[in-house]
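**Student:** Submitted below is the structure of interest, expressed as structure tokens.
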Amino acid sequence: MPRILGLSAFYHDSAAALLVDGAIVAAAQEERFTRIKHDHEFPKHAVDYCLREGGITPEQLDYVVFYDKPLQKFDRLLETYLAYAPAGLRSFMMAMPLWLKTKLHLPREIRKALEGRYQKRIAFTGHHESHAASTFFVSPFDEAAILTLDGVGEWDTATIGHGKGNQLKILKTLHFPHSLGLLYSAVTYFCGFKVNSGEYKLMGLAPYGEPKYADLILQHLVDLKQDGSLALDMSYFNYCQGLTMTNDKFAALFGGPARSPEAALTQREMDIAASIQKVTEEAVLRMARHAREITGCRNLCLAGGVALNCVANGKLLRSKIFDEVFVTPASGDAGGALGAALFVHHQLLGSPRTPNGKDSMQGSLLGPKFTNAEIRLFLDGKNIPHAYFEREAELLTEVAREMAAEKVVGWFSGRMEFGPRALGARSIIGDPRSTAMQSQMNLRIKFRESFRPFAPCVLAEDVSQYFDHDRESPYMLMVADVKKDLWCDLTAEQQALMQDPDLRKRVNVPRSTLPAITHVDMSARIQTVDEERHGRYYRLMREFKRQTGCGVIINTSFNIRGEPIVCTPEDAYRCFMVSDMDVLVLENCVLRRSEQPQQDDSERKKYIESFQLD
């Protein structure tokens, strides 16, 4: 019964995961405990949680495994700096202290973090091996093609692999500095968003623009081959040697300098976003076709940061290149911790794997949970007014009634999600039929850009009633169109507003009978909800449908802008108090805004400003 602890750390999104006899016992990101977005430090708190959840000590672990190979990554850095010297001296001097102090001595750092209580072997897997393992070994497939796409691991930036049974093999690789992920991040940076954080904003911005720069990108920035491999013209980029992603030549190509963060968005940024999204989708489709050709497999598994581009995922699924596409919910570096542990268990130890037609991610609900007794102890200790419902049915009736009255609800229930998406355990939810809900939740609760769409949760059995989608999507990683019979006919005035440069005016135009979750291109980022995975959350949605006839609700992550998703009841209460949520549900406890003490404006401002803008 091997006990394996997987780790990712020291780049971004540090995490830990625990496997016991091949079963995923626990997995969590360090940011959720430290409240530092994308925390890259050693995941001490996540490790402590995983071991506590597994009921074991460091001494009882059989293997500890790290998600990439730091010496190979260091080799890439040195070769790159030497190739561009002396241009990269400042970047080199900034990077070296952390490498010399920590990253080159990971076995020592890991043993020290485990308080010297683990003395067995420490393994290191390849970065893209970890990504591949994180998706194939939890997938419902016995055999599949595997496609991993991100910025860069050691040297690889994308891989095509093949998985069968308990083994996987990398067949083809794309090498640094040529990278679809870094190209997308470079454009993210140029459009004024934060690299390794704002890429999903760029994806959300794309539907507002036209892909008028797509040909320009393909002519100047990237040579995209028929098999999906690509080569970047590095004269436009600065990430190899500098502290920025792009340079003046890149800016000249797009008619002016990069947008400053927080500056007003212009049509140029919208069109650039639409253009890079189109290029990305074409690259993913070409890679997928080549993966199908060289593996002969009918199913595909996706991982890596680019796999979080759910618009591209939806296009890939609808292309029918593969019969089925599985995207692991923790596709980024955090998921590498789980992938590394799975790689050791199956690939290195040869432990058998018997898929049963369902993925083994348990809804990605792998984090901490809290009992009603723990929650009531916190609430009573702080004299926080609340109601307690003994019976679940009464609780769900009340919460659904509040939602139907257009109240915004903070929902805290069960185990916390692993990965970047809130999937119904730490979520802010509401009625998608409300015409004001999207802008209200963006500006008054999330404190973020108003152009950003919200995702719908839909009862799994009802998905094809509302969307052009005919299968489950439990991890919110597929985009599909809202059904045409739900679209609204726009008046001439509304059509004019849809061209307004002020995106807030466009957002407020009701485009369907579910306006709060319908993006301007009539698409939605779908999460299907079923009782086996989601339990009480599914039953809440069933009750909301019973009261309203609607099998869809809004779901967005339980946090404000720049804040990690809440982990504990204390986190949830603090977030509730500074935002304009109407109701907070902590398991069986219900808190109403109207019954809480007035929040001091200075305290609210202090809390909001404690998180760096993402």
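The values are calculated or read from the model by the stated rules, or taken from the named source; none is laboratory data. On a predicted model such as this, the values are computed, not experimentally measured, just so you know. Methodologically, a virtual Cβ is constructed for each residue, glycine included, from the backbone with ideal geometry; neighbour enumeration extends over all protein chains shown. Side chains are part of the model used for accessible areas, which takes the heavy atoms of the whole protein and leaves out ligands, DNA and RNA. Shrake-Rupley method; radii C 1.70, N 1.55, O 1.52, S 1.80 Å.
**Student:** Could you count how many residues in segment 152-181 are of a type in the set (S, T, N, Q) and either open to solvent by 10 Å² or more (accessible area, probe 1.4 Å) or closer than 14 Å to Ser130 by Cβ (or both)?
**Tutor:** Going through segment 152-181 one residue at a time, the tally reaches 4.
**Student:** For segment 145-179, which positions are assigned to a strand (DSSP E or B) and of a type in the set (A, V, I, L, M)?
**Tutor:** Selection gives Ala145, Ile146, Leu147, Leu149, Ala158, Ile160, Leu168, Ile170, Leu171, Leu174.
**Student:** Additional query: If Ala231 satisfies every condition in (1) more than 29 Å from Ala524 (Cα to Cα); (2) in contact with a helix residue (DSSP H, G or I) (Cβ under 8 Å, 6 or more places away or on another chain); (3) free of Cβ contacts under 8 Å to residues at least 60 places away in the same chain; (4) surrounded by fewer than 19 Cβ atoms within 10 Å (Cβ to Cβ) but one, which is the exception?
**Tutor:** (2)
**Student:** Among the residues of segment 3-47, which ones are open to solvent by 10 Å² or more (accessible area, probe 1.4 Å), small (Gly, Ala, Ser) and touching an Asp or Glu at 6+ places or on another chain (Cβ under 9 Å)?
**Tutor:** Scanning segment 3-47 gives no hits.
**Student:** Have a look at Asp227, Asp223 and point out the one that is of a type in the set (D, E, K, R) and assigned to a strand (DSSP E or B).
**Tutor:** Step by step, each of Asp227, Asp223 is checked, and only Asp223 is of a type in the set (D, E, K, R) and assigned to a strand (DSSP E or B).
**Student:** On to the next question. Kindly provide the set of residues from segment 72-85 that are open to solvent by 30 Å² or more (accessible area, probe 1.4 Å) and either over 15 Å from Leu98 (Cβ atoms) or at pLDDT 95 or above (or both), ordered by number.
**Tutor:** Within segment 72-85, Gln72, Asp75, Glu79, Leu82, Ala83, Tyr84, Ala85 meet the criteria.
**Student:** Let me ask something else. Against the conditions (1) open to solvent by 40 Å² or more (accessible area, probe 1.4 Å); (2) over 30 Å from Ala393 (Cβ atoms), where does Glu595 fall short? Just the number, please.
**Tutor:** (2)
**Student:** Right, something else. Please work out which one of (1) open to solvent by 10 Å² or more (accessible area, probe 1.4 Å); (2) over 23 Å from Arg525 (Cα atoms) is the condition Leu285 fails and give its number.
**Tutor:** (2)
**Student:** From the list Arg604, Arg574, Arg561, which one is under 22 Å from Gly198 (Cα atoms) and either of a type in the set (A, V, I, L, M) or out of contact with any strand residue (DSSP E or B) (no Cβ under 6 Å at 6 or more places or on another chain) (or both)?
**Tutor:** When all the criteria are applied, what remains is Arg561.
**Student:** I'd like the residue in segment 124-141 that is assigned to a loop (DSSP other than H, G, I, E, B) and in contact with a strand residue (DSSP E or B) (Cβ under 7 Å, 6 or more places away or on another chain) and, out of all such residues, is surrounded by the most Cβ atoms within 10 Å (Cβ to Cβ). Walk me through it before giving the result.
**Tutor:** Applying the first criterion (assigned to a loop (DSSP other than H, G, I, E, B)) to segment 124-141 yields 125-126, 137-141.
Now restrict to residues that are in contact with a strand residue (DSSP E or B) (Cβ under 7 Å, 6 or more places away or on another chain): 125, 139-141.
Details: Thr125: 25, Ser139: 28, Pro140: 15, Phe141: 22.
The extreme case among them is Ser139.
**Student:** Also, I was wondering about something else. Please work out which residue is most open to solvent (accessible area, probe 1.4 Å), limiting yourself to segment 478-526 and to residues that are over 19 Å from Gly430 (Cβ atoms) and basic (Lys, Arg).
**Tutor:** The extreme case among them is Lys484.
**Student:** What do you reckon, is Thr57 modelled with pLDDT of 95 or more, open to solvent by 10 Å² or more (accessible area, probe 1.4 Å) and farther than 18 Å from Arg111 by Cα?
**Tutor:** Working: modelled with pLDDT of 95 or more: yes; open to solvent by 10 Å² or more (accessible area, probe 1.4 Å): yes; farther than 18 Å from Arg111 by Cα: no.
The answer is no for Thr57.
**Student:** Moving on. If I ask for residues that are within 23 Å of His519 (Cα to Cα), acidic (Asp, Glu) and either free of Cβ contacts under 8 Å to residues at least 12 places away in the same chain or out of contact with any Ser or Thr (no Cβ under 7 Å at 6 or more places or on another chain) (or both), which ones from segment 388-441 would you list?
**Tutor:** Passing the criteria: only Asp431.
**Student:** Here's another thing I want to ask about it. Please find, within segment 86-123, the residue that is modelled with the lowest pLDDT out of those that are in contact with a helix residue (DSSP H, G or I) (Cβ under 6 Å, 6 or more places away or on another chain), in a loop (DSSP other than H, G, I, E, B) and open to solvent by less than 50 Å² (accessible area, probe 1.4 Å).
**Tutor:** Gly88
**Student:** Return yes or no: is Lys320 open to solvent by 20 Å² or more (accessible area, probe 1.4 Å) and more than 20 Å from Leu182 (Cβ to Cβ)?
**Tutor:** Against the criterion (open to solvent by 20 Å² or more (accessible area, probe 1.4 Å) and more than 20 Å from Leu182 (Cβ to Cβ)), Lys320 qualifies.
**Student:** Under 9 Å between Cβ atoms, at least 6 apart or on separate chains: pull out the pairs that start in segment 81-109 with a residue that is without any contact (Cβ under 8 Å) to a residue 60 or more places away in the chain and end on any residue that is part of a helix (DSSP H, G or I) and open to solvent by 70 Å² or more (accessible area, probe 1.4 Å).
**Tutor:** Leu104/Leu71
**Student:** Within segment 454-477, track down each residue that is in contact with an Asp or Glu (Cβ under 9 Å, 6 or more places away or on another chain), over 19 Å from Asp521 (Cβ atoms) and open to solvent by 20 Å² or more (accessible area, probe 1.4 Å).
**Tutor:** Within segment 454-477, Ala460, Glu461, Ser464, Arg471, Glu472 meet the criteria.
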